[in-house]
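**Student:** For reference, the structure I am asking about is given below.
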Amino acid sequence: MEKTQFIKDLKEKEGVSSPFLIKFSSTAVGKNAKAYMNFIFMDQSGEIEGRLWEDVAHHAGQAVKDAFVWVQGKCQSYQGRKQIVVEKLQILREDEVRLKDYIPESEFDADVLYAELLGYVSTMTDPYYKALAESILKEDDEILNLIKKAPAAKSIHHAYRTGLLEHIVSITKILDKLSQHYGKWLDRDLLFLGGFLHDIGKLWELSYERVTDYTLEGRLIGHLVMGVELVDRKIRNLEAVPSRLPGPFPQEKKLLVKHLILAHHGKLEFGSPKEPQCLEALVVHMIDDLDSKVNSISRFIEQDQTPGRWTSLNKAYGRFFYKPDWVFTKQ
Ligand SMILES: [Fe+2]
Ligand SMILES: [Fe+2]
C-alpha cells in the first residue's frame, strides 16, 4: 500500500485518507457520557493526535498501540494543535505496509556508521580495553543486529531508528578530538569505552520493533546497570579464553570502565549512582549531555511550526528557541 499523505504536510481543514501507525490509544468518556477514543498517530514524518467518536466499542480492542490503521477523516485545529477527527478507521496487516514509512530514522546510513565505529575500535592500543570493545561491538551477533536499529531514547534525543549508533559515533568523534587536545590528561582508550558503552544497555532497555517503549528489564533495571552487567559478562567470557588477553583483566581497568557507565548521567538525581570521579568519566558525561542536547534542540527547532523567529515553548528546556536562517531556507 503506497503511503502518499504524511503527517508533517497535513493542513487544517484538509481531508485525511492515509495509513498510520498507532503510537498511543486510549478510551475516555466525554461530558455527554459518550465514549470516545484518543490517539497519537505516527508516520516517518511526525506525530499527530486523533479523536474518534463513532463505533468506539468496535475499535477499542483493535486500534491499539503498534497497530497499523487506515484512517479517513479531517485535519482540524484544537487548542492550537492539529488533530485528526477520525470518521473511519480500519486495521491493516503488517504485509500491507512498508515499515520505513512509519518509523523515523537517522539521516545517516547504519552500515556506514557501524564501519566508522569499528574504525575507532581498531585504533585502540590497550589490549584489554580493545579486546573488551571488540567482544561487544564486533563479535556478538545479537548486538550487531540490534545496534544498527536501536533508537537512543523513547522521546528526548536521537529518538529514531539507528539513533543510538548515530549518538555513539558522534560522541566518539568528539572524544577523539578531545583526547588529542588534552593529551596526557586523558586516556583515549578509556574515553572510547565510555563513548561506546555508556548507553549500550539501551539495546535491551527499549523495545523498538515498531513504536519505541521500555522493556520490563528497562523499567526495573535501567541501561546503566544493564551496561555494567554486560561488561561483567563479557570480561568473564574473555578471561575464559586464555588466548584472548595477555593476562587476567586488570581489576582497576574493569572498575574504571564500569564507573564511566555508572557515572555518565552526572548526578544522583539524574539516575547515576555515582558522580564522575575521574576525568574520563567527567568528559564522557559532559559530551553525552552536549550531544543529546544539540540533537534534541536542533530537531525541535527544525520541526517547530510556529511562524516567525521563535519556536513554541520547549517544555523539556523551559524556554523558547531562536530560529536561525537555515530553518527558513531548508526545504
Ligand atoms: Fe544514558
Ligand atoms: Fe548517551
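Any read-out appearing in this document is the output of simple, stated calculations on the displayed coordinates, not a laboratory observation. Predicted model only: the values in this text are computed from it and were never measured. Positions of Cβ are backbone-derived with ideal geometry, glycine not excepted, and every protein chain shown enters the neighbour counts.
**Student:** Take segment 139-199, compute every pairwise Cα distance, and split them into 5 Å bins from 0; I just need the percent in each bin.
**Tutor:** Distribution as computed: 4, 19, 22, 22, 16, 10, 7, 1 percent.
**Student:** Taking only DSSP H segments of four or more residues, each worth -39500 (n - 2.57), what value at 222 nm results for the chain once the sum is divided by all its residues, to the nearest 500 deg cm²/dmol? Don't skip to the end; give the middle numbers.
**Tutor:** Working: 12 runs with 135 residues, N = 331.
Per the formula, -12500 deg cm²/dmol.
**Student:** With only Lys, Arg, Asp and Glu charged, each at its Cβ (+1 for the first two, -1 for the last two), find how big the charge dipole of the chain is about the Cα centre; round to the nearest 20 debye.
**Tutor:** Numbers: 45 positive and 48 negative charges, 199 e Å.
The calculation lands at about 960 debye.
**Student:** With contacts defined as alpha carbon pairs under 8 Å and 6 or more residues apart, what's the relative contact order of the chain in percent?
**Tutor:** Working: 549 pairs, mean separation 37.0, N = 331.
Over the chain, the number comes to 11 percent.
**Student:** Net charge near LYS274, counting Lys/Arg +1 and Asp/Glu -1 over other residues with Cβ under 11 Å of its Cβ?
**Tutor:** On the way: positive: LYS258, LYS267; negative: GLU275.
Overall, the nearby charge balance is +1.
**Student:** For LEU216, LEU190, LEU92, which order do you get if you count the other beta carbons within 10 Å of each Cβ and list the fewest first?
**Tutor:** Numbers: LEU216 8, LEU190 25, LEU92 15.
Ranked by crowding around the Cβ, least crowded first: LEU216, LEU92, LEU190.
**Student:** Taking the 0 to 90 degree range and rounding to the nearest ten, how far is the long axis of helix 110-122 tilted relative to the main principal axis of the chain, both from C-alpha atoms?
**Tutor:** That works out to roughly 10 degrees.
**Student:** Between the helical axis of 127-137 and the dominant principal axis of the chain, each derived from Cα atoms, what acute angle in degrees is found, rounded to the nearest 10?
**Tutor:** Taking the Cα atoms of the chain, the angle to 127-137 is about 20 degrees.
**Student:** With the cut-off at 24 Å, tell me which of the pairs LYS267/LYS323; LYS149/LYS177; LYS8/LYS65 have Cα atoms farther apart than that. Before the final figure, lay out each step's value.
**Tutor:** Details: LYS267/LYS323 31 Å; LYS149/LYS177 27 Å; LYS8/LYS65 20 Å.
Check vs 24 Å cut-off fails for LYS267/LYS323; LYS149/LYS177.
**Student:** May I ask which residue of ALA57, HIS167, TRP185 lies farthest towards the positive end of the charge dipole of the chain, with charges of +1 (Lys, Arg) and -1 (Asp, Glu) on Cβ and the Cα centre as origin?
**Tutor:** Going by the charge dipole, the pick is ALA57.
**Student:** Further question: In degrees between 0 and 90, to the nearest 10, how far off the longest principal axis of the chain does helix 279-303 point, with axes built from Cα atoms?
**Tutor:** 20 degrees
**Student:** Which value, to two decimals, describes the C-alpha radius of gyration of segment 7-101 once divided by 2.2 N^0.38 Å? Spell out each step's value before the answer.
**Tutor:** On the way: Rg = 12.6 Å, N = 95, 2.2 N^0.38 = 12.4 Å.
After normalising by residue count via 2.2 N^0.38 Å, the value is 1.02.
**Student:** Which residue, LEU117, LEU191, LEU52, tops the fluctuation ranking in a GNM of the chain built on C-alpha contacts under 10 Å?
**Tutor:** Judging by the Gaussian network model, the answer is LEU52.
**Student:** A further question follows. Take the Cα atoms of segment 110-297, find their three principal axes, and give me the spread along each one in whole Å, biggest first.
**Tutor:** Result, largest extent first: 44, 34, 33 Å.
**Student:** Follow-up question, since we're still on this one. Between Rg and the Kirkwood Rh of the chain, both from Cα atoms, what is the Rg to Rh ratio?
**Tutor:** On the way: Rg = 22.8 Å, Rh = 22.0 Å.
Taking Rg over the Kirkwood Rh, I get 1.03.
**Student:** In debye, nearest 20, what is the charge dipole magnitude of segment 7-101 about its Cα centre with +1 on Lys and Arg Cβ and -1 on Asp and Glu Cβ, if you could check?
**Tutor:** 360 debye
**Student:** Can you give the net charge of the other residues whose Cβ lies under 9 Å from the Cβ of SER106, counting K and R as +1 and D and E as -1?
**Tutor:** On the way: positive: ARG161; negative: GLU105, GLU107, ASP109, GLU166.
Taking every Cβ under 9 Å from that of SER106, the sum is -3.
**Student:** Taking only the alpha-carbon positions of segment 231-311 and ignoring solvent, what does the Debye formula give for the base-10 log of I(q)/I(0) at q = 0.13 Å⁻¹?
**Tutor:** Each listed q corresponds, in turn, to -0.61.
**Student:** Within 12 Å, Cβ to Cβ, of HIS259, how many net charges do the neighbouring residues add up to if Lys/Arg are +1 and Asp/Glu are -1? Walk me through the intermediate numbers first.
**Tutor:** Working: positive: LYS253, LYS254, LYS258, LYS274; negative: GLU252, GLU275, GLU280.
Spelling it out: positives minus negatives among the neighbours equals +1.
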